[in-house]
Amino acid sequence: MRAVAVGLGGLVLFAAFSAPLVLAPYPLTLLSLVCIAAILAGSVNLLMGQVGLLSMGHAGISAAAGYGVAWAAVRDMDPLIQLAVALGVTLVVSLVFGLMTMRTNGIVFLMITLALGMTVNGLAQKLSSLTGGQNGLTGVRRPPIVADQGAFYLLALVMLLVALAVTYGLTRSSFGLTLRGVRESEGRMSSLGYPVARAKLLAVICSGLMAGTAGVLAAWQSEFMSPAAAGFSRSAFAVVMVIVGGTGTLLGPVVGAGVVVGIEHWLSSYVERWPTLLGVVLIVVVLFARGGVVGAVQDLIRRWRPGDRGGAAPPGVPALATDGEAVVMTGPGAQAPAGAGKEDL
Amino acid sequence: MGAALPVDVPSSPDAALPGGVPLPRDVPLPPDAALPGGVPLPRDVPLPADAALPGGVPLPRDVPLPADVPLPAAGHHVLRLTGVVRRFGGMTAVDGVDVTLAAGERLAVIGPNGAGKTTLFRLIAGELRPDAGTIELLGRDVTRMHAWRRARLGLSRTFQVANLFGRLSVADNMRLAIQAGRPSGWRSLRPVRGADDVATSALDTLAQVGLAGRQADPVASLSHGEQRQLEIAMALCTRPQVLLLDEPAAGLSAGEREMLRRLIADLPRTLPIVLIEHDMSLVFGLADRVMCLHQGRPVVVGTPDQVRADERVQAVYLGRSTHA
Ligand SMILES: Nc1ncnc2c1ncn2[C@@H]1O[C@H](COP(=O)(O)OP(=O)(O)O)[C@@H](O)[C@H]1O
Ligand SMILES: [Mg+2]
């Protein structure tokens with residue numbers, strides 16, 4: 001089983017890395033957008049899956065980072081300086097998000113992040129000397145080494161893999177366990193001696209750095225920044241990607257990003273009301289596959305495997321899950337891993 | 001062991017001074033009290049080897065201490081509440097409670113439902129702030145201190161309604177309890193390992209509460225009684241210096257209650273415990289002192305025998321059973 005998973009993973013990676021050799025620029029652009037969206041969705045998933053916090057304003061963080069890069073890029077600054085500006089902006093915005101939400105959870109967290117996302121959107125329109133206002137910032141140039149779409153796609157792919165590796169490490173660490181403890185019971189965590197607010201602040205900053213990475217790549221990809229990047233719908237799509245792919249699973253955001261970007265850019269040329277289609281997909285997933293696509297696949301694999309009912313989780317399958325929740329799912333009284341995200345909706 | 005001095009040995013509840021004057025009970029000694037001639041009071045006098053509790057019960061000696069728990073300074077109170085008041089809207093849930101807990105003492109808080117017992121715990125633990133009064137823990141004023149900081153000082157509690165990490169395994173629940181007091185920083189980025197690799201101390205504690213071999217199970221699959229056992233195991237894992245148990249026996253079968261009674265009785269005698277229990281029968285073997293709360297006010301504080309004999313306590317309980 002494990003061998004099959006590794007083989008399959010290797011195959012996908014090989015295909016992903018060889019894509020620039022065979023694909024035309026437009027499909028490569030789509031794949032780049034999938035990678036970027038997957039990083040943003042991954043940052044949302046880190047909070048949703050681990051801490052049980054649903055952010056409706058993450059596009060605000062990524063757009064802030066994008067504006068940082070774009071602002072520096074139109075002033076012809078070196079790519080490293082662009083990155084430094086983006087990092088600074090991301091840290092500040094994440095800190096604001098974290099400080100304003102660290103004593104909240106559930107619906108209050110959702111509302112504050114929603115408001116903060118809208119604030120970033122509003123600032124992007126108002127601070128026109130920095131952001132170009134409604135017109136946005138045009139004339140952003142990618143760093144020369146990734147000017148070619150194939151090269152840029154490879155950069156986005158590598159950054160996605162880095163984000164996945166960091167997420168995996170984080171969720172396996174005792175810090176990750178702490179975050180899941182916060183998700184399950186804040187009261188118990190503080191009565192055990194954990195500074196819960198501090199843990200949530202750190203989680204929001206980690207997640208924000210990831211969202212910022214997506215924002216930098218998005219600005220370079222489109223070579224343009226406008227307030228729409230911080231719009232509510234961008235934040236909402238990221239959440240939809242997480243739910244469709246599978247909340248709390250490592251690969252869920254990637255799958256979800258594929259589905260959403262696919263519907264948005266590819267199916268939209270055939271179906272006019274593509275957001276409606278996306279809504280239908282979301283409803284189907286929420287009703288019939290609460291673990292999202294990845295959760296459903298894990299269920300299938302488990303059902304197909306003979307002589308493996310209950311007991312300790314097999315090492316192969318939970319490699320897909322970021323937090324060992326597969327252990328829970330194999331037990332009696334099985335429980336959908338998307339539970340946390342659902343409650344917060 | 002000096003800490004096992006029989007404090008509060010029950011004298012017969014009706015003992016009185018000549019003339020019917022009741023015996024002064026529980027008078028705290030001033031710390032600077034001295035014998036005539038300035039000779040300091042002999043404190044912590046070693047007990048003769050054959051000393052026994054009334055009824056020939058041998059004194060619990062050489063109770064093993066968990067290896068690295070520092071003892072609270074002898075002779076000090078570990079917990080002191082002064083005039084603690086807490087209101088909810090117009091209702092006063094805790095109404096001027098004064099109580100101290102000495103090092104190594106076991107205090108039971110009894111009282112009918114709604115008496116304010118849990119609210120008192122939440123005040124001590126820092127989940128609620130008192131409207132009036134002060135709370136001292138291990139010699140520090142913690143009245144305004146965060147719950148998690150009080151926990152780091154050594155306060156540990158269990159919850160009346162099991163408050164566990166439901167979708168995590170038993171092992172992860174124990175891990176969270178163990179790693180709680182540890183300094184975090186970069187080391188918290190190290191991976192935690194599988195279910196079989198919990199610290200041996202955690203495995204011992206699990207076995208002690210009757211959950212041996214269950215570490216891979218998700219908490220949601222545990223029975224009610226097992227969840228209560230895990231509650232206690234987690235509270236013990238944090239190496240507490242003061243332990244608060246909120247109705248640990250609630251909803252347990254007779255057999256489980258007996259097991260729990262023995263578990264508490266076997267805890268190190270140096271560990272001060274406050275035990276909430278609204279069934280009086282469980283506390284009698286366990287507590288050195290009993291406080292009966294009614295409508296947020298301590299009605300009677302005394303030895304188990306005194307409290308059992310006190311008609312005000314009986315009235316409180318009878319009053320409850322007529323309207324419950
Ligand atoms: N958070 C709260 N808000 C309002 N009233 C409360 C709250 N917590 C407890 N109470 C009230 O305070 C009183 C004491 O409750 P509690 O301390 O839980 O009693 P006990 O644990 O002795 O059964 C009850 O009347 C209860 O309804
Ligand atoms: Mg109670």
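Odds and ends about this structure:
- Helix-only [θ]222 nm of chain A, DSSP H runs n ≥ 4, -39500 (n - 2.57) each, per residue, nearest 500: -23000 deg cm²/dmol
- Length added when fully stretched, A:Ala3-A:Ser128, from 0.36 nm per residue minus Cα-Cα: 39.5 nm
- Of the residues in region A:174-202, those shielded by at least 50 Å² of accessible area once partner protein chains are present, compared with the chain alone at a 1.4 Å probe, are A:Ser174, A:Leu177, A:Glu184, A:Arg188, A:Ser191, A:Leu192, A:Gly193, A:Tyr194.
- Dimensions of region B:187-324 along the principal axes, based on C-alpha atoms and rounded to the nearest Å, stand at 57, 31, 26, largest first.
- Solvent exposure of chain A as accessible area per residue, Å², 1.4 Å probe: 42
- Karplus 3J(HN,Hα) series, Hz, for region A:285-295 with 6.51 cos²θ - 1.76 cosθ + 1.60 (x for Gly, Pro): 5, 5, 7, 10, 9, 5, x, x, 4, 5, x
- Only protein heavy atoms count here; on that basis, with a 1.4 Å probe, B:Ser221 has an accessible area of about 50 Å².
- Relative to the current alpha-carbon distance between A:Val108 and A:Trp266, full extension at 0.36 nm per residue lengthens the span by 53.3 nm.
- Taken over the alpha carbons of region B:184-256 as equal point scatterers, the Debye sum produces base-10 log I(q)/I(0) values at 0.25 Å⁻¹ of -1.25.
- Calculated FRET value between B:His76 and B:Asp98, using beta carbons and R₀ = 22 Å, to 0.05: 0.80
- Two-site label geometry, B:Val161 and A:Arg75: point separation in nm, points 7 Å out along Cα→Cβ: 5.5
- With R₀ fixed at 35 Å, the C-beta to C-beta distance from A:Val158 to A:Leu287 puts the FRET efficiency at about 0.45.
- Based on protein heavy atoms only, region B:136-192 ends up with 46 Å² per residue of surface accessible to a 1.4 Å probe.
- Here is the interface size for B with A: some 2700 Å² of accessible area buried, both sides summed, with a 1.4 Å probe.
- Model label points for B:Arg297 and A:Arg303, set 7 angstrom from Cα along the Cα-to-Cβ axis, are 6.4 nm apart.
- Look at where the Cα atoms of region A:117-139 and of region A:44-96 average out, and the two centres are 14 Å apart.
- B:Asp310 accessible area, assembled protein chains, probe 1.4 Å, Å²: 30
- Note: relative contact order over chain A, using C-alpha pairs below 8 Å and six or more positions apart, is 29 percent.
- Inter-part distance where region A:227-271 and region B:246-264 are each reduced to a Cα centre, Å: 51
- Amide H contacts of B:Leu293: B:Ile110, B:Gly111, B:Val299, each under 5 Å away and 5 or more positions distant or on a separate chain (H built 1.01 Å from N in the peptide plane; Pro and chain starts excluded).
- Per-atom-type breakdown for region A:2-303 gives carbon and sulfur 73% of the accessible area (1.4 Å probe, protein chains only).
- Structural descriptor for region A:1-140: relative contact order 24 percent, calculated from alpha carbon pairs under 8 angstrom and at least 6 residues apart.
The values are calculated or read from the model by the stated rules, or taken from the named source; none is laboratory data. Everything numeric here is computed off the predicted structure, so don't read it as measured data. All Cβ positions, glycine included, derive from the backbone under ideal geometry; neighbour counts span all protein chains shown. Keep in mind that these areas ignore ligands, DNA and RNA; they rest on the heavy atoms of the full protein, side chains included. Shrake-Rupley method; radii C 1.70, N 1.55, O 1.52, S 1.80 Å.
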